[in-house]
Amino acid sequence: MHIHNIPTQAFQDQRPGTSGLRKKVKVFQNPHYLENFVQAIFDTQAGLKGGSLALGGDGRFYNREAIQIILRMAAANGVQRVLVGQGGLLSTPAASCVIRKYKTNGGIILSASHNPGGPDEDFGIKFNTPNGGPAPEAVTEAIFARTQTIDRYLIATAELVDLDKLGTQNLGSTTVEVIDPVDDYAALMEELFDFERIHQLFNSGLFNMRFDAMHAITGPYAKRILEGMLGAAPGTVIHGTPKEDFGGGHPDPNLVHAHELVKMTSGPAGVDFAAASDGDGDRNMILGHDFFVTPSDSLAVMAANAHLIKGYASGISGVARSMPTSQAADRVAERLGLECYETPTGWKFFGNLLDAHKITLCGEESFGTGSNHVREKDGLWAVLFWLNLLAIKQKSVEKIVREHWISFGRNYYTRHDYEGIDKAAAEGLMQHLQTQLAGLPGQALDAYQVAYADDFAYTDPIDGSRSDHQGIRIGFTDGSRIVYRLSGTGTQGATLRIYLETLELDPSKQMRSTAEVMQSLVSLSARLAEIKQRTGRNEPTVIT
């Protein structure tokens with residue numbers, strides 16, 4: 001093996017977002033582009049030299065090629081051991097599990113999450129720290145700073161690693177161990193949930209479900225666990241074979257992109273329970289028969305019922321939610337006497353709270369839920385939590401949620417996404433909102449009285465770090481809210497997300513449709529932001 005010192009020049013666009021660096025595949029295929037970013041990781045993370053690294057991705061286009069490059073760079077940079085998923089595959093939560101179980105010095109995950117895949121679509125890379133979680137801002141800023149001054153990278157000349165053969169191979173003095181991507185994760189799930197009870201639920205003959213893997217990473221995980229270990233009928237997992245382009249679909253588990261699954265829950269022949277996960281396996285959608293569970297409600301129901309689940313029977317220490325997520329979990333935490341933390345969007349903000357044992361459960365409205373078992377959101381974990389809860393309560397999904405609303409109140413909630421809008425127009429819209437904030441408190445807007453209006457800032461209670469400009473909040477005296485935020489997960493244009501919420505405590509009024517209840521708030525949010533005038537859009541791209 002020969003190590004090459006390759007001269008290079010910095011790229012100016014390699015600042016990681018909330019979930020790493022995401023660009024079109026063709027950008028990553030530019031000479032030196034991927035290599036520069038990877039070398040910046042090795043240059044700034046001293047523990048990797050002589051240490052160990054977990055490596056894998058969601059199987060999207062360019063995944064295998066990128067892994068071979070990273071392996072040769074790891075060898076050239078003195079990494080002693082690399083654990084890589086067979087076929088180059090590791091779901092994001094499974095990668096976190098591997099990092100934590102084998103105490104590696106970090107992990108590199110190749111994914112653009114729920115973004116489309118293919119030669120003309122998206123690719124991504126992120127570094128996870130030794131706790132198994134996404135790199136905090138101090139780490140990502142250090143990596144970015146290095147990308148701006150980089151003038152060389154190290155890479156070895158070596159034979160390609162056989163990614164499909166389990167076992168160890170050597171790249172010079174670096175040991176590459178190809179591991180089964182499911183084994184460690186499945187073992188962890190068995191520790192947390194009552195598999196025997198879930199098995200009985202499937203064997204009862206009175207329960208059926210479908211899980212849509214969306215031709216993404218969770219297919220092998222769901223087949224092994226649901227159909228293999230838990231005894232679900234063959235065919236329970238649909239679209240279970242990972243494909244480089246996700247079968248031409250959009251691997252985002254929501255009511256729009258998983259419409260085929262939604263149909264399977266409808267009508268007299270609809271299944272009792274359905275779920276989906278996304279491109280890299282960290283998101284989830286939960287459905288009952290003719291019933292959709294919002295991610296915000298899902299987190300709240302989990303928090304209220306965690307004591308029933310094997311892995312959480314001793315109690316939970318606290319709950320956290322991202323700021324745009326509805327306040328449903330807050331109400332549960334208050335009832336249970338628990339702390340509930342409001343953080344910026346981005347799973348990395350939960351990491352310090354989890355490590356400090358301040359929280360056990362956490363979630364985001366963007367279909368992400370998780371716990372202290374790993375340091376990433378975890379789609380299949382959420383599905384197993386719900387299956388365990390259904391097996392214990394012997395009630396339908398709808399019945400469980402409606403009983404929760406009667407007890408805690410219903411937080412009606414919806415999100416409107418305006419995707420691919422002009423970036424300058426989006427920034428101008430946010431600036432227009434900024435200028436209104438100081439004068440809004442105390443004002444009457446239609447039927448709503450403004451209680452507060454701010455640009456959300458977060459000071460981490462563990463390390464004192466501060467994150468500003470995390471989204472505009474307008475809260476009303478009746479508990480309703482409007483939140484505006486520009487998303488950092490896309491690769492083209494800008495995505496404006498508007499989150500709308502209102503609280504209904506009267507059980508007799510909790511059966512109304514979300515569209516009916518939210519109509520006035522939707523209209524107000526569009527007028528306040530001047531959406532049509534500033535973006536040219538009459539309607540959102542996606543409503544969830």
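May I ask which of LYS101/LYS310; LYS377/LYS399; LYS101/LYS399; LYS126/LYS532; LYS26/LYS263 have a Cα-Cα span longer than 29 Å here? Cα-Cα > 29 Å for LYS101/LYS399; LYS126/LYS532; LYS26/LYS263; rest within. In straight-distance terms, cross-link reach from LYS395 covers every one of the lysines whose alpha-carbon lies under 16 Å from its own, apart from those fewer than eight places away in the same chain; here that gives an empty set.
Sorting 244-255, 443-454, 153-164 by average packing, meaning the other beta carbons within 10 Å per residue, from highest down gives 244-255, 153-164, 443-454.
Annotation: amide H of LEU160 has no partner in the under-5 Å range at sequence separation 5 or more or interchain, hydrogens built in the peptide plane. Converting phi to 3J(HN,Hα) with the Karplus coefficients 6.51, -1.76 and 1.60 and the offset θ = phi - 60°, the range 302-315 yields 4, 4, 6, 10, 4, 5, 7, 9, 3, x, 10, 5, 7, x Hz in sequence order, with x at every glycine or proline. The length gained on full extension between ILE6 and TYR458, counted as 0.36 nm times the residue separation minus their Cα-Cα distance, comes to 158.6 nm.
Working note: Karplus 6.51/-1.76/1.60 with θ = phi - 60° gives the range 504-519 the couplings 10, 8, 7, x, 5, 10, 8, 8, 5, 6, 4, 4, 5, 5, 8, 3 Hz, where Gly and Pro are set to x.
Grab the DSSP H runs of the chain that are 4 residues or longer, score each as -39,500 (n - 2.57), total them, divide by all residues and round the 222 nm result to the nearest 500 deg cm²/dmol.
-9000 deg cm²/dmol
Amide H to amide H, with H built 1.01 Å from N, GLY318 comes under 5 Å of THR360, LEU361, counting only residues 5 or more places away or on other chains.
Each peptide among 461-471, 412-422, 98-108, 319-329 gets the average number of other Cβ atoms lying within 10 Å of its residues, and from highest to lowest they stand as 319-329, 98-108, 412-422, 461-471. Counting only protein heavy atoms and a 1.4 Å probe, the chain has 37 square angstrom of accessible area per residue. Computed 3J(HN,Hα) for the range 521-529, one whole-Hz value per residue from the Karplus formula 6.51 cos²θ - 1.76 cosθ + 1.60 where θ = phi - 60°, is 6, 4, 4, 5, 5, 5, 5, 4, 8, glycine and proline marked x.
In this structure, the amide hydrogen of VAL237, modeled 1.01 Å from its nitrogen in the peptide plane, lies closer than 5 angstrom to those of PHE211, counting only residues at least 5 positions away or on a different chain.
Helix 183-192 and the longest principal axis of the Cα set of the chain meet at an angle near 30°. Beta bridges assigned by DSSP with both partners in the chain are antiparallel in approximately 70 percent of cases. The listed peptides 70-79, 223-232, ordered by packing as a protection proxy, come out as 70-79, 223-232 (highest mean of other Cβ atoms within 10 Å first).
The values are calculated or read from the model by the stated rules, or taken from the named source; none is laboratory data. The shown structure was predicted, so the numbers you read here are calculated from the model rather than taken from an experiment. All Cβ positions, even for glycine, are placed from backbone atoms using ideal geometry, and neighbour counts span all protein chains on display. Side chains are part of the model used for accessible areas, which takes the heavy atoms of the whole protein and leaves out ligands, DNA and RNA. Shrake-Rupley method; radii C 1.70, N 1.55, O 1.52, S 1.80 Å.
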